[in-house]
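Undergrad: Mind having a look at this structure? Questions to follow.
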Amino acid sequence: MMKQQILCVVGARPNFMKIAPVMAALQHSETLTPFLVHTGQHYDTAMKHAFFDQLGIPEPDIDLGVGSGSHAVQTADIMSRFETVLDDEKPALVLVVGDVNSTIACALVATKKEIPVVHVESGLRSYDRKMPEEINRVLTDQISDLLFTTERDAESNLLREGIDAVRIHFVGNVMIDTLQAQLEKKISAAETFRNVAANVVFQPGDYGLLTLHRPSNVDDPSVLKSLLAVLAEISEQLPLVFPVHPRTRAKIQEAGLAGFFDPQRVLVLPPQSYLEMLGLMSEARMVLTDSGGIQEETTSLGVPCITLRENTERPITVDQGTNTIVGTDPVRIRTVFDEIMLNGGKAGRVPELWDGKAAQRIVAVLEDWLAATIPSQPGA
Ligand code: UD1
């Protein structure tokens, strides 16, 4: 029997760890076979290649090479280039992950061509429409045929938006599949310090890991400056390791804030790839971040996380995990930081079905769904 083709889309860094276990599970399927399209939304070696190698993701079958641009330009470029791929490949399904521009762009093209769309990590809502990702989430979920969720709140969000319950499947968290599969291969913080020839070396368990890249935190120079000021203060008590996203690096330069931190107290690094981040996260005393994924990874690792945002689309990391949402108010950031220094922060527990088997569950649902909805071709 001919296997049915599942066209998987990735575009930006947070997609890579989500697609890796799905690709692996599809490669083991007896009825389905993956085809990987990379949109090229992220293209730097540090933002792409290292992840493919470390996570064992096969080379994309096609790279659309779109690169950076305004939201409209980037989304439109992905759409027009992706349409050609669908015309050539005619996959049985298009599978998208997460909430980046590549996610909505490819979902929209597929659904208008009447190719069923599968959304992995659906139903997350920050209820903050100023976040581009929130728009991407809401719209992708509305046009998806099958919606896979990571936590039970996500299903309630989808039902409120009128999505039929039969399309929703609670399967767990594919990003945690990757974390569990890779944890023993993590690169220790000490090794990362050696590899970057750092002239300051912090002790495992005695540094904070910092990441910042949300437009709401880095695009406005006054917000960025106030954040960096409180982080500089914090670094006097607990040294910080700060891998800098390209967007943030550019904004720091533009705002004239390069050299803001004391290099003895803040180790500024280029973007780190997956196994380095896993080492840096798991050995940190705490993590300070505005990332979505890191809120979940720290919950899974049991490391305290301070989220420098006003809201989260991943409330389970607060209700059950180690995450505290603090926003950008310096006083609030200091208070929660001091609490964690004093008592180690919330204990937290690992959420339901974050067990390393989400991708297997997804592929099982896809196999059944395709067998039931798309009659096999005569002679196939
Ligand atoms: C994107 C996602 C965001 C995700 C983040 C993780 C959207 C709307 N946003 O944001 O949800 O959390 O990725 O990284 O899809 N750049 C490079 N090299 C690269 C990629 C980007 O230098 O390989 C620079 C460019 O200056 C670019 C800027 O980073 O303009 C922003 O990149 P873009 O992909 O537009 O958004 P991110 O901020 O990375």
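The values are calculated or read from the model by the stated rules, or taken from the named source; none is laboratory data. From a predicted model like this one, the values you see are computed outputs, not experimental measurements. Here the Cβ positions follow ideal geometry from the backbone for every residue, glycine too, while neighbour counts run over all protein chains shown. Quick note on the areas: whole protein, heavy atoms, side chains included, nothing else; ligands and nucleic acids left out. Shrake-Rupley method; radii C 1.70, N 1.55, O 1.52, S 1.80 Å.
Undergrad: Could you tell me how many of the residues in the range 22-55 are away from the ligand (no atom under 16 Å from the Cβ) and β-branched (Val, Ile, Thr)?
TA: Counting residues in the range 22-55 that are away from the ligand (no atom under 16 Å from the Cβ) and β-branched (Val, Ile, Thr) gives 3.
Undergrad: Restricting attention to the range 157-174, which residues are among the charged types (D, E, K, R) and part of a loop (DSSP other than H, G, I, E, B)?
TA: Of everything in the range 157-174, those that are among the charged types (D, E, K, R) and part of a loop (DSSP other than H, G, I, E, B) turn out to be Glu161, Asp164.
Undergrad: Residues of the range 153-191 being of a type outside the set (Asp, Glu), open to solvent by 60 Å² or more (accessible area, probe 1.4 Å) and over 19 Å from the mean Cα position of the chain (by Cα), which ones?
TA: Leu159, Arg160, Gly162, Val166, Arg167, Lys185
Undergrad: Sticking with this one: What pairs come up if the first residue lies in the range 271-283 and is closer than 17 Å to Arg249 by Cβ, the second is modelled with pLDDT under 95 and open to solvent by 20 Å² or more (accessible area, probe 1.4 Å), and their beta carbons are under 6 Å apart, counting only those six or more places apart or on different chains?
TA: Pro271/Ala46; Ser273/Ala50
Undergrad: Just the residues that are more than 20 Å from the chain's Cα centre (by Cα) and hydrophobic (A, V, I, L, M, F, W, C), please, taken from the range 327-355.
TA: Val331, Ile333, Val336, Phe337, Ile340, Met341, Leu342, Ala347
Undergrad: Looking at Gly327, Gly348, Gly321, which one is surrounded by 20 or more Cβ atoms within 10 Å (Cβ to Cβ), part of a loop (DSSP other than H, G, I, E, B) and in the same structural domain as Gln237 (by TED's automatic domain parsing)?
TA: Every option except Gly321 fails the conditions.
Undergrad: Okay, moving on. Go through the range 213-245 and give me each residue that's within 16 Å of the ligand (Cβ to nearest atom) and of a type in the set (Asp, Glu).
TA: The answer is Asp219, Asp220.
Undergrad: Do the conditions hold for Lys90, that is, is it within 15 Å of the ligand (Cβ to nearest atom) and of a type in the set (Lys, Arg)?
TA: Spelling it out, it is not the case that Lys90 is within 15 Å of the ligand (Cβ to nearest atom) and of a type in the set (Lys, Arg).
Undergrad: Going by what's in this entry, would Val201 be described as away from the ligand (no atom under 16 Å from the Cβ), hydrophobic (A, V, I, L, M, F, W, C), out of contact with any Lys or Arg (no Cβ under 7 Å at 6 or more places or on another chain) and assigned to a strand (DSSP E or B)?
TA: No.
Undergrad: Tell me yes or no: at least one residue of the range 96-107 is more than 16 Å from the ligand (Cβ to nearest atom) and touching a helix residue (DSSP H, G or I) at 6+ places or on another chain (Cβ under 8 Å).
TA: no
Undergrad: Let me ask something else. State whether one or more residues within the range 82-98 are touching a strand residue (DSSP E or B) at 6+ places or on another chain (Cβ under 9 Å), farther than 14 Å from Leu36 by Cα and open to solvent by less than 20 Å² (accessible area, probe 1.4 Å).
TA: yes
Undergrad: For Leu210, which of the numbered conditions (1) more than 16 Å from Ile306 (Cβ to Cβ); (2) assigned to a strand (DSSP E or B); (3) within 16 Å of the ligand (Cβ to nearest atom) fails to hold?
TA: So the condition that Leu210 fails would be (1).
Undergrad: Can I ask one more? Sort out which residues of the range 110-145 are in contact with a strand residue (DSSP E or B) (Cβ under 8 Å, 6 or more places away or on another chain), of a type in the set (Val, Ile, Thr) and within 16 Å of the ligand (Cβ to nearest atom), and write them in order of number.
TA: Val120, Thr140
Undergrad: Take the range 1-50 and flag every residue that is charged (D, E, K, R) and surrounded by fewer than 17 Cβ atoms within 10 Å (Cβ to Cβ).
TA: Listed by number, the residues that qualify are Lys3, Glu30, Asp44.
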